[in-house]
Structures are given as structure tokens and as C-alpha cells.
Amino acid sequence: MSDLFQAAGLTPHAPTPLAERLRPQTLGEVVGQEHLLGPEGPIGRMAAAQRLASMILWGPPGTGKTTIARLLAKAGGYEFQQISAVFSGVADLKKAFEQARGRRLAGQSTLLFVDEIHRFNRAQQDGFLPFVEEGVITLVGATTENPSFELNGALLSRCQVFVLKRLDEEALEALLAKAEAVEGRKLPLDSEARFTLIAMADGDGRYLLTLTETLLSIGTDTPLNAVQLGQFLQKRRPAYDKNREEHYNLVSALHKSVRGSDPDAALYWLARMLEGGEDPLFIARRLVRMASEDIGAADPLSLLLTTAAKDAFDFLGSPEGELALAQCVVHMASAPKSNAVYTAFK
């Protein structure tokens, strides 16, 4: 068979992706999630004691959910078994449970990792209950959606829920340094382009490594600037879902930035929502609410500006009308705040 590959000028095995080559071998090597994995973190304590509880890992893509599950199994001496709720059904679950029961009889514990566990329907989720209760499996479920909305209460009551955070700039920079060490060379980027690359990843470590691998494949040592980097990689849209968890996260971030008098942050979150495809009229309604609740009598002009921004958008449309929303957001974030009217009325 290898002769066939050689005759075609191909290698029998495809190169291992950079993300796989950089996969941590111990929990201490995981970048980010210190609040969970550190010596004082709940998962770190479990691993040190080699006594794992069933858990749900809730976080955005590329934050280490699968890696953490694998390393927990390794640290505790568990047999690691993985299924995906996207591709698995009842028959796959039954087979996994039977295998775990057989291992238990032989004195071997099983960590069953279920990726995208929120994709299972309620009946399928109920199927885990007896096996978790009896200790046949230690369940580690991974989800990008709020477990309170997507998972059965009965299953949640038997699992601890841990929230994984998007990787911050420091963690992503550490990941880049590891990639460069493995490859034995620096990325062909100037300092501004390097910062831009990290921003493009939007807290997703796996995506950052995918971009890094693409950059390393171009075979040049001439540093790219930020503009050239954007042209080469074709910047993706930030993660956003208008109907689910990320929608409410960004609405909350915009509201808190205005309330906290941070115009730069408020403008950033407004841009994230618009870039993600949010309805500008929905944003305008939220701004009217903020002007009434958080600014109130301290700056009555804010309420007039929010309604004027809505009218301006109706008149101009997108994208020109978005500037009116941006002007309004900056004014509101810079304005004095008072919730006295809101509090008194409530």
C-alpha cells in the first residue's frame, strides 16, 4: 500500500494538525481556565484527589473542554470513552453503558465524555441518570449552550456545572509561543499584526492554532503587517447567535459598558452586535431602555438622542444609520448616571 502512495508522490499519513501536536499532556499544561484547573480550583482539587464527580463543562468553542476531559481521565486512571451527541443515538448510548458496566465489573472506572450534550433530547438525557447514580460512569458533558435551558433538571442535579471562559490575550499569546517553539520558528508578523491575529481568534484557542498553521505554511520570513494579515486570512465574523446564549451575553456587555461609563467598550460591543447581524432596531430599543433606567434625570438629553438615533436609522438605513447608533452609545456611556426615577417608580 505504501508503494501506491509513493508512486503518486504522496505520503501514507497526513501530517498531524498543529492543534493536535500541541494538545497538553497534563492539566498543568492547559492554557487558561486557571479558575477551574489551578491548585485552588474545583477541577484541580478533584484531579489531585483522583476523585471525579460528574460534571458539565460549559463554554465557547476552543476553550479546552475536550482536552480537560481527556486529562481528567488520564489523571484519575479512568478509561476514556467519547461520544458525540451530533452523531450518536440510543443504540450508541446503550453500547457505551454496557461497555462501562463491563469495565466496572473488572475494576476499571469509565469517564464518558459527551460532546455537544445539549443536542440530545430530553428522553436521551434521562437515559444517563441510572448509570450516573450507580457510578457505572463518570459523566463529563460539554456544551456551548446554557445548561439551565438545554439540559434536564434531573441530569443537572447530578452534575456540577463549570463555566469555561474565552481565552484572554495572555493565554492566546502563550499558545502562540508554544506553537512557535514546536515549529522552531517565529510567525512572519510584525507586532501589530501579531496583536491582530490574537484579536481575530476571539478567545478561541483552536481557531488561533488553525490561523497559525496557515501562516506558517506560506514559507516566508518577511513579516506581514496587520493589513496584509487581514487580506491573507480573510477575517471571520466574531461568534454570535441572535437567538441563543451569545446574543444575551453581548446585550449584557453593551448595557454594562454604558452603565459603567466606558465609551470605548460600549462602542466595541455595539460593533460586535452589528457585525454579528443583530437587528439595529432591537439595539435602538435597548438604548431607549438604558437611557430611561440608568441615565434618567442626570442627562435627559440621552432619551431624546436614543429616539433620534432610531429615527435616523429608519431614515438612512444600514450601514449609514449605524453611525447614529454609535454616536448615541458614546454619548450615553459618557453621560452622568442616575437610576433614581427607575428606583422610585419600581
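Just give me the residues in segment 30-50 being among the aliphatic types (A, V, I, L, M) and touching a His at 6+ places or on another chain (Cβ under 8 Å), in sequence order. Within segment 30-50, no residue meets the criteria.
Within segment 306-336, the residues that satisfy the criterion of being aliphatic (A, V, I, L, M), touching a helix residue (DSSP H, G or I) at 6+ places or on another chain (Cβ under 8 Å) and more than 16 Å from S261 (Cβ to Cβ) are A308, A309, A312, L316, A324, L325, A326.
Across segment 50-71, a minimum of one residue is classified as among the hydrophobic types (A, V, I, L, M, F, W, C) and more than 22 Å from G205 (Cβ to Cβ). Of the helices (runs of 4 or more DSSP H) that lie entirely inside segment 255-346, those containing 3 or more residues that are over 24 Å from D202 (Cα atoms) span 280-290, 301-316, 322-334, 340-345.
Inspect all residues belonging to segment 50-57 and state whether any of them is without any contact (Cβ under 8 Å) to a residue 40 or more places away in the chain and not polar (S, T, N, Q). Yes, there is a match, as at least one residue in segment 50-57 is without any contact (Cβ under 8 Å) to a residue 40 or more places away in the chain and not polar (S, T, N, Q).
Is there any pair with a first residue in segment 67-83 that is on the phi > 0 side of the Ramachandran plot and not assigned by TED's automatic domain parsing to the domain that holds M46 and a second that is outside any helix (DSSP H, G or I) and crowded, with 22+ Cβ neighbours inside 10 Å whose Cβ atoms are under 9 Å apart and which are 6 or more apart or on different chains, and what are they? No pair meets every condition. Against the definition (of a type in the set (D, E), touching a helix residue (DSSP H, G or I) at 6+ places or on another chain (Cβ under 9 Å) and surrounded by 15 or more Cβ atoms within 10 Å (Cβ to Cβ)), how does D299 come out, yes or no? Yes. Identify all residues within segment 118-163 that are among the acidic types (D, E), in contact (Cβ under 8 Å) with a residue 12 or more places away in the chain and more than 22 Å from G32 (Cβ to Cβ); write none if there are none. Passing the criteria: D126, E133, E150. Restricting the first member to segment 272-290 and to residues that are surrounded by fewer than 20 Cβ atoms within 10 Å (Cβ to Cβ), and the second to residues that are at pLDDT 90 or above and of a type in the set (K, R), the beta-carbon pairs closer than 9 Å and six or more apart or on different chains are L281/K310; R285/K310; V288/K310. Where helices (runs of 4 or more DSSP H) sit wholly within segment 88-175, those with at least 3 residues that are surrounded by fewer than 15 Cβ atoms within 10 Å (Cβ to Cβ) occupy 90-105, 122-126.
Restricting attention to segment 185-219 and to residues that are aliphatic (A, V, I, L, M) and farther than 23 Å from R23 by Cβ, the residue that is surrounded by the fewest Cβ atoms within 10 Å (Cβ to Cβ) turns out to be I218. Selection of segment 252-264 for residues being in contact (Cβ under 8 Å) with a residue 24 or more places away in the chain and among the aliphatic types (A, V, I, L, M) yields L254, V258.
Residues in segment 218-250 that are modelled with pLDDT of 75 or more and among the aliphatic types (A, V, I, L, M): I218, L224, A226, V227, L229, L233, L250.
Inspect segment 179-196 for any residue being within 17 Å of I68 (Cβ to Cβ), at pLDDT 90 or above and not polar (S, T, N, Q) and give the result as yes or no. No, the conditions are met nowhere in segment 179-196.
The values are calculated or read from the model by the stated rules, or taken from the named source; none is laboratory data. Being a predicted model, the structure only gives us computed values, none of them experimental. Backbone-built Cβ (ideal geometry, glycine too); neighbour counts: all protein chains shown.
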